[in-house]
Amino acid sequence: MTKHPRLLLWLILLVPWLSAPFLGKETIKRYGLTSLFISVFISLESILAKKRKWWWFYEKLFPGAYGEMPLVWGQFFIGTLWIMKFSYGKIFRFLLTNLVTDLFFIYPFSAFLKRQGLFSYVRLNQIQVYGVFFLKSILIYLFQMVRGAIGKKAPIE
């Protein structure tokens, strides 16, 4: 168990943002709305997860905040931008990248958070959470496809 759980949560939130300048403006313009969409979606999912006791966070950055906040607005927001940058338009690469990153999060990283006394699964097991993550990756891809289709303007005749 960590002596400074809030420090660890701050690191989880802020360290991914150190890579943001390397994404490039075009990546942020192209995929930023998709990353924002899925981050808001996961934030809403957190309300349901808490109500249904799917998992539990024992520490929060701020009173009244949800425990997932550092993960959602740090790792997940920035991670979505990176994954989209390197794999959008290549569905097999996108799915494989998500499967691998989700495996990393669900197994070694969540185990690390559990050892630190920050998190535990309650009513959902790791395989079920993996399924939820996979569905969210499909949602991300579909959102970006729709966004791209809407963003294309018909030629003026």
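The values are calculated or read from the model by the stated rules, or taken from the named source; none is laboratory data. Computed from a predicted structure; not experimentally measured. For neighbour counting, all protein chains shown are included, and Cβ atoms are generated from backbone atoms with ideal geometry for every residue, glycine included. In case anyone asks, the SASA skips ligands and DNA or RNA and just uses the protein heavy atoms, side chains included. Shrake-Rupley method; radii C 1.70, N 1.55, O 1.52, S 1.80 Å.
Towards the positive end of the charge dipole of region 55-157, with charges on Cβ (+1 Lys, Arg; -1 Asp, Glu), say which of Phe105, Leu135, Leu71 has the farthest Cα.
Working it through, the farthest residue towards the positive pole turns out to be Leu135.
Angle between the Cα long axis of helix 5-14 and the longest principal axis of the chain, 0 to 90 degrees, nearest 10?
Tilt of helix 5-14: around 10 degrees.
How much accessible area per residue does the chain have, in Å², with a 1.4 Å probe?
It amounts to 62 Å² per residue over the chain.
How much of the accessible area of the chain, probe 1.4 Å, is carbon plus sulfur, in whole percent?
C and S fraction of accessible area: 71 percent.
What do you get for the angle between helix 25-52 and the principal long axis of the chain? Use alpha-carbon atoms, 0 to 90 degrees, nearest ten.
40 degrees
Looking at this model, which pairs from Lys29/Lys90; Lys53/Lys85; Lys90/Lys136; Lys29/Lys60; Lys25/Lys90 are more than 25 angstrom apart at the alpha-carbon?
Lys53/Lys85; Lys29/Lys60
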